[in-house]
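The values are calculated or read from the model by the stated rules, or taken from the named source; none is laboratory data. Since the structure is predicted, the reported quantities are computational estimates derived from the model, not experimental observations. No Cβ is skipped: glycine too gets one built from the backbone with ideal geometry, and neighbour counts run over all protein chains shown.
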Amino acid sequence: MPKSTTGKPLISRLRELRKSHALTQEKFSELSGVAYKYYQLIEGGHRVDLRLSTLEKLAKAYGIGVHELLAPNFPKIRAVKPAKKPKR
């Protein structure tokens, strides 16, 4: 199976967005609802073929759509929104 062609640009975009919001990996993982260790693997390039649900969580935390997260141009920066806790 061929390697992902969107992996490296996506990792760069995630890192750039996180730093532009002055967030640590730990804080962003809390806001997005993605586990901290998993987010470290993503940004470290060890997980590049992400599920759509993960991409949606990452994009939603920045107030953007998945298409903006994957677009070639940097998205307009919006306020970071905390992830909602699942209802039990």
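Annotations
- All conditions in (1) within 17 Å of residue 74 (Cα to Cα); (2) in contact with a helix residue (DSSP H, G or I) (Cβ under 8 Å, 6 or more places away or on another chain) hold for residue 7, with the sole exception of (2).
- Scanning region 52-77 for residues that are part of a loop (DSSP other than H, G, I, E, B) and farther than 12 Å from residue 9 by Cα returns 62, 63, 64, 65, 75, 76, 77.
- Selection within region 12-32 - assigned to a loop (DSSP other than H, G, I, E, B) and over 20 Å from residue 67 (Cβ atoms): 22, 23, 24
- Lone unmet requirement of (1) over 10 Å from the mean Cα position of the chain (by Cα); (2) without any contact (Cβ under 8 Å) to a residue 24 or more places away in the chain for residue 48: (2)
- Residue ID - modelled with the highest pLDDT, chosen from residues in region 33-51 that are of a type in the set (Val, Ile, Thr) and closer than 9 Å to residue 11 by Cβ: 42
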